[in-house]
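Where a number appears in this text, it was derived from the coordinates with a stated rule and is not lab data. In this text, all values refer to a predicted model and were calculated from it rather than measured experimentally. Because the Cβ atoms are built from the backbone with ideal geometry, glycine has one as well, and the counts that use them run over all protein chains shown.
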Amino acid sequence: MFDTVPRILLGLLTGFLFGFLLQRGRVSDRRVIVGQFLLRDFTVMKVMLTAIVVGGAGVYAMHAAGLTKLFVKPAQMAAVPVGGLIFGVGMVLLGYCPGTAVAAAGEGKRDAWLGLAGMVLAAAVFAELAAGFSKSIMAWANLGPVTLTDVTGVSAWVWLGGLGLAALLLFRWLERREEHS
């Protein structure tokens, strides 16, 4: 039921580093997140795209080295947009996503603590209703555990490289846009 002490310590260290990087990247500041939604501050998008590319490369490199196993979640094409909409509304109302809310709570921000309480409550409600959802929206357009590589036959490295290149081009375009305004 419980992990080994070294794994727990590794998780704590990783969580601490993640929170530190969120704080240093200023994404634990709700004004930065609100600025993203208002299309005035793209810090959140830059941090997230960088994390996705670096994290994806890390996961696939560890998998290729035999250090980890991939556990692919089902591609639930009806449930994911509904969940994303609920997540987005919560994020707009609170001004934090779950990770940035924890980092902000660690900084002592009271509004983040209220948001964390709301997230725990929402998770409990979902857990109670999940059985009903599994027969309805979670079953609709459920493609099963597939990846873009499975669907297209194109290597995950090509997808990650393309995403990385697109992110770099987007970052450069945003820099030029900021220079001209």
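A few comments on the model shown:
- Charging the Cβ of each Asp and Glu at -1 and of each Lys and Arg at +1, and nothing else, the dipole of the chain about its Cα centre rounds to 140 debye.
- The order of the peptides 24-30, 167-173, 63-69 by mean Cβ neighbours within 10 Å, most packed first, is 24-30, 167-173, 63-69.
- Membrane-span-like helices of the chain, defined as complete DSSP H segments with a Cα extent of 15 Å or more along the helix axis and a mean Kyte hydropathy of at least -1.0, are identified as 5-24, 43-64, 79-94, 110-135, 156-180.
- When Cα Rg over 2.2 N^0.38 Å is computed from the coordinates, the matching label among (1) 1.17; (2) 1.06; (3) 1.75 is (1).
- By average C-beta atoms within 10 angstrom, highest first, the peptides 155-164, 42-51: 42-51, 155-164
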